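Note sheet for the following structure.
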Amino acid sequence: MRNSSADGGLLLYIILLTLLVLVSVSALLIGFTPLPVGDTLAALFGIGDDEKIQLIVQEIRLPRTLMGLLVGASLGMAGAALQGLLRNPLADPGVIGISSSAGLGAVIAIYYGYAASFYLAVPSFAMAGALAAIVLLYVLSRRDTSVLTLILVGVGINALSGALISLSMSLAPNPFSLADMVLWLLGSLANRSYTDVSLALPFILIGVVLMASSDRSLRALSLGEDVAATLGVNLMRTRLLIVLGSALAVGASVAVSGTIGFIGLVTPHLIRPFVKYDPARLLIPSALAGAVLITFADIMVRLLPTDREMKLGVLTALVGTPFFLYLVIKTRRNTR
């Protein structure tokens, strides 16, 4: 039985890694100007003769692809970790208010004009907003290990951040600032640079490590908090690791890509049957699958026949909403 489970897990990793390579190469090939495979690979390794192709591949498409992989992995793993912690199949990274708080930070940077004078103002303010949400979560829920308290605090942070974002947009100093706010909140990987990658990478790596270190505790939590406690699980520590890890990873992702919804919700459900519904084995595959989904979706926005490139967050919402409704109906049937 163990060998069968191990073989199934290895096969899943092989499939996900193969898909990851395929979508990554496709992301380098596909764009406003389609490029031949040979020229693209040559430009990628800096051995091509065409400087224009090298510029397109190395300075435009490669950082965009790397950013998609990082953002997708963050959202996928955060969704799996939070669904395991909250024992709720409808949970996603937005449930603890990190995404909306990061969005509020970015909107503030645009509102006060810092974005126009400082390139890193938007991601820096977005990260500050995410960190502020972490502090607020900790202060308001540190004395209570109840999952309900965590959810309620997250709902409150979401509501407050959403209200402040709406206030900022309604009082925008000019139409250009309002347009920048709206476009940023829609989410996109276009025009991302290595600076964005280097800004988000450390926070995402720390967040992923923190979430991955709680895998065994998530397995015990699937039996209930009381049973997990009797098995020696430190509930407060587990919650801190997952909340802090998901907040750092998701906050950094939102800081450089804007709000991209539903990936954290959908990805764990796609992977869960292949890991025997084991929360401990779900985290890494969800990260890989999230990276595949985001990169594939980013390819789709380039291929759609629109005058302007559709925002990535819009596409994920259009595809993710029907899936979310399906999950709600399925959950209601299972609880009857």
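The values are calculated or read from the model by the stated rules, or taken from the named source; none is laboratory data. Computed from a predicted structure; not experimentally measured. In this analysis, Cβ positions are derived from the backbone assuming ideal geometry, glycine residues included, and neighbour counts consider all displayed protein chains. The area values use the complete protein model at the heavy-atom level, side chains included, leaving out ligands, DNA and RNA. Shrake-Rupley method; radii C 1.70, N 1.55, O 1.52, S 1.80 Å.
Restricting to segment 187-202, and then to whatever is of a type outside the set (S, T, Y) and in a helix (DSSP H, G or I), can you tell me which residue is surrounded by the most Cβ atoms within 10 Å (Cβ to Cβ)?
A200
Can you find even one residue in segment 17-29 that is surrounded by fewer than 13 Cβ atoms within 10 Å (Cβ to Cβ) and farther than 21 Å from M67 by Cα?
Scanning segment 17-29 turns up no residue that is surrounded by fewer than 13 Cβ atoms within 10 Å (Cβ to Cβ) and farther than 21 Å from M67 by Cα.
How about segment 1-30: which of its residues are polar (S, T, N, Q) and modelled with pLDDT under 90?
Selection gives N3, S4, S5.
Is there any pair with a first residue in segment 271-293 that is more than 14 Å from M211 (Cα to Cα) and a second that is open to solvent by 20 Å² or more (accessible area, probe 1.4 Å) and small (G, A, S) whose Cβ atoms are under 6 Å apart and which are 6 or more apart or on different chains, and what are they?
Listed by first residue and then by second, the contacts come to G290/A73; A291/A73.
Are any residues in segment 96-121 open to solvent by 20 Å² or more (accessible area, probe 1.4 Å), under 21 Å from the mean Cα position of the chain (by Cα) and not polar (S, T, N, Q), and if so, which ones?
Of everything in segment 96-121, those that are open to solvent by 20 Å² or more (accessible area, probe 1.4 Å), under 21 Å from the mean Cα position of the chain (by Cα) and not polar (S, T, N, Q) turn out to be L104, L120.
Determine the pairs where a residue that is closer than 18 Å to L293 by Cβ, located within segment 3-15, has a partner that is open to solvent by 80 Å² or more (accessible area, probe 1.4 Å) and modelled with pLDDT of 85 or more with Cβ atoms under 9 Å apart, the partner being 6 or more residues away or on another chain.
These pairs meet every condition: L12/F274; I15/F274.
Looking at (1) open to solvent by less than 90 Å² (accessible area, probe 1.4 Å); (2) at pLDDT below 90, can you tell me which one S168 breaks?
Among (1) open to solvent by less than 90 Å² (accessible area, probe 1.4 Å); (2) at pLDDT below 90, S168 violates only (2).
If only one of P268, P305 is open to solvent by 20 Å² or more (accessible area, probe 1.4 Å) and not basic (K, R), which one is it?
Selected residue: P305, the only one of P268, P305 that is open to solvent by 20 Å² or more (accessible area, probe 1.4 Å) and not basic (K, R).
For segment 128-143, what are the residues that are surrounded by 13 or more Cβ atoms within 10 Å (Cβ to Cβ) and over 22 Å from the mean Cα position of the chain (by Cα)?
The answer is L140, S141.
What's the number of the only condition in (1) of a type in the set (S, T, Y); (2) over 18 Å from L86 (Cβ atoms); (3) open to solvent by 50 Å² or more (accessible area, probe 1.4 Å) that S257 fails to meet?
Among (1) of a type in the set (S, T, Y); (2) over 18 Å from L86 (Cβ atoms); (3) open to solvent by 50 Å² or more (accessible area, probe 1.4 Å), S257 violates only (3).
Which residue out of S217, S286, S213, S246 is among the polar types (S, T, N, Q), in contact with a Gly (Cβ under 6 Å, 6 or more places away or on another chain) and either over 18 Å from L70 (Cα atoms) or surrounded by 23 or more Cβ atoms within 10 Å (Cβ to Cβ) (or both)?
Answer to the check: S286.
Please verify whether A91 is part of a helix (DSSP H, G or I), buried (at least 21 other Cβ atoms within 10 Å of the Cβ), among the small types (G, A, S) and touching a helix residue (DSSP H, G or I) at 6+ places or on another chain (Cβ under 8 Å), treating the condition exactly as stated.
No, not satisfied.
Name the one entry in G162, G84, G79 that is open to solvent by 10 Å² or more (accessible area, probe 1.4 Å), touching a Pro at 6+ places or on another chain (Cβ under 6 Å) and in a helix (DSSP H, G or I).
G84
With (1) open to solvent by 70 Å² or more (accessible area, probe 1.4 Å); (2) not in a loop (DSSP other than H, G, I, E, B) as the list, and L223 as the residue in question, which single condition is left unmet?
All conditions pass for L223, except number (2).
Is there any pair linking a residue in segment 177-188 that is within 17 Å of V301 (Cβ to Cβ) and at pLDDT 90 or above to one that is part of a helix (DSSP H, G or I) and among the hydroxyl-bearing types (S, T, Y), with Cβ under 7 Å and at least six apart or on different chains, and which?
As it stands, the answer is G187/S257; S188/S257, since those pairs meet every condition given.
Listed residues V139, V153, V122, V209; which is out of contact with any helix residue (DSSP H, G or I) (no Cβ under 6 Å at 6 or more places or on another chain), assigned to a helix (DSSP H, G or I) and modelled with pLDDT under 90?
One residue alone meets the criteria, V139.
So in segment 31-49, with the set limited to residues that are in a loop (DSSP other than H, G, I, E, B) and open to solvent by 50 Å² or more (accessible area, probe 1.4 Å), which one is modelled with the lowest pLDDT?
Across segment 31-49, the extreme among qualifying residues is D49.
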